Amino acid sequence: MSDDNARDGTSSQPKKAKPTPHYAGHRGRLRERFLVGGADALADYELVELLLFLSRPRGDMKPLAKALIARFGSFADVISATPGELMTMDGIGETSVVALKTAHASAIRLMAEQVHNRPVISSWRQLIDYCRASMAYAKVERFRLLYLDKKNTLIADEVQQSGTIDHTPVYPREVVRRALELGASAVIMVHNHPSGDTTPSKADIEMTREVARAAEPLGLTVHDHVVIGRQGHTSFKSLGLL
């Protein structure tokens, strides 16, 4: 070392480069796989990673994505979790919550476009998919009313009530009153079972019959009552309960 270098504290030896993070290039590779193969080419945790990239411009998101899947169960469960539930996870802040919930809202909005202002009976599969995306992962029961015109086109989609984990109060007169306000000719009732078991309860069956009895004198048809769960759905009409 020269005297000048010794005096100013520098060294003639080259500085060692910082080690490359083990995840370097991972984001680019994951994006490329998604663009080439679509969502089917990625595991659930990798889809979560992609969403977290939007809110976290740096760092390894794989551990957090895997932790979210372990905590909630699947990609659908992660994006369907409430903001409060997501915020309980270490490493998740408001920006990450917005990224995850935007994916959920986008999925519901896309499915809604496929059923709103269209004949529902001929778009039954799309209707069920929309209801499952909207309701299947809710932690409490929600009661949805789909009002139809004479051509069975959906003219109103309303969540009338939210209740507890196993009960939602439904008032048949309110269902009929709202149909008259809208000029609806038919209604489809939909509610979810947070337990996942879509078997109609005795209370579900009695309430449905009460609505049908109130609707009949006014010429309002109850097309169906569908119970939604995480793994599927049950139709009252298919069971001969309507």
Being loosely packed, with under 15 Cβ neighbours inside 10 Å, farther than 28 Å from VAL159 by Cα, under 17 Å from the mean Cα position of the chain (by Cα) and free of Cβ contacts under 8 Å to residues at least 24 places away in the same chain is the requirement here; does ALA43 meet it? no
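To keep it simple, each residue is scored yes or no on (1) surrounded by fewer than 21 Cβ atoms within 10 Å (Cβ to Cβ); (2) touching a strand residue (DSSP E or B) at 6+ places or on another chain (Cβ under 7 Å); (3) part of a loop (DSSP other than H, G, I, E, B); (4) touching a residue at least 12 places away in the same chain (Cβ under 8 Å).
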position	(1), (2), (3), (4)
VAL187	no, yes, no, yes
VAL190	no, yes, no, yes
GLU206	yes, no, no, no
ALA212	yes, yes, no, yes
PRO217	yes, no, no, no
Residue under evaluation ALA105, criteria (1) outside the structural domain of THR82 (by TED's automatic domain parsing); (2) outside any loop (DSSP other than H, G, I, E, B), criterion not met: (1)
Scanning the stretch 119-140 residue by residue, the ones that are at pLDDT 90 or above and in a loop (DSSP other than H, G, I, E, B) total 1
Any pair with Cβ under 9 angstrom, 6 or more apart, that starts in the stretch 219-230 at a residue that is part of a strand (DSSP E or B) and ends at one that is at pLDDT 95 or above and of a type in the set (Phe, Trp, Tyr): VAL222/PHE236; ASP224/PHE236; HIS225/PHE236; VAL226/PHE236; VAL227/PHE236
Is there a residue being acidic (Asp, Glu) and either touching a residue at least 40 places away in the same chain (Cβ under 8 Å) or surrounded by 18 or more Cβ atoms within 10 Å (Cβ to Cβ) (or both) anywhere in the stretch 60-74? no
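Restrict the check to the stretch 83-93 and report whether at least one residue is surrounded by 15 or more Cβ atoms within 10 Å (Cβ to Cβ) and closer than 28 Å to ASN152 by Cβ. Step through it out loud before you land on a result.
Taking the stretch 83-93 and keeping what is surrounded by 15 or more Cβ atoms within 10 Å (Cβ to Cβ), we get 85-86, 89, 92.
Still in the running and closer than 28 Å to ASN152 by Cβ: none.
So far as the stretch 83-93 goes, no, none of its residues is surrounded by 15 or more Cβ atoms within 10 Å (Cβ to Cβ) and closer than 28 Å to ASN152 by Cβ.
The values are calculated or read from the model by the stated rules, or taken from the named source; none is laboratory data. Predicted model, so just to flag it, every value in this text is computed and none were measured. Using ideal geometry, Cβ is built from the backbone for each residue, glycine included, and neighbour counts are taken over all protein chains shown.
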